[in-house]
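Just below is one structure, and these are the notes that go with it.
No lab work stands behind these numbers, since they all come straight from the coordinates. The shown structure was predicted, so the numbers you read here are calculated from the model rather than taken from an experiment. Cβ atoms come from the backbone with ideal geometry, glycine included; neighbour counts cover every protein chain shown.
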Amino acid sequence: MCAIALAKHLPGLGAIAIIDRYTGTVTHASVKPDPEQGWPTVFPWRDQKLTEGHPLLNLTPGASTARRLAWRTPWGTQADFYVDAVSDDKRAIVVFCDLGRV
């Protein structure tokens, strides 16, 4: 999967996620842990459902965004990331980067 290959090239803690725009679900996710602190407690999970109105689901086909974004786990834990996302007619491809590793 290309998400796994891309995540390996992130400079620090981060993730690559592919989100189905119709179902609002993360279909693929690959996380690169922090080299010193290990796995984060907040990151995109495969099959995680985004909330209605989530900014990443509002991207129109061909649109992109680069911004600071809060990501929330299904159990309510939240962390801020810088994200760079692009959307096509079916999915959004999102790169997450830890705020401390820009």
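Highest-first packing order for the peptide set 17-23, 60-66 is 17-23, 60-66, based on the mean count of other beta carbon atoms within 10 Å. Taking a straight Cα-Cα cut-off under 16 Å and skipping sequence neighbours fewer than 8 places away in the same chain, the lysines within cross-link reach of Lys32 are Lys8. Using C-alpha pairs under 8 Å with a sequence gap of at least 6, the mean separation divided by the residue count of the chain gives a relative contact order of 29 percent.
Projecting label points 7 angstrom from Cα along Cα→Cβ for Asp84 and Thr41 puts them 2.9 nm apart.
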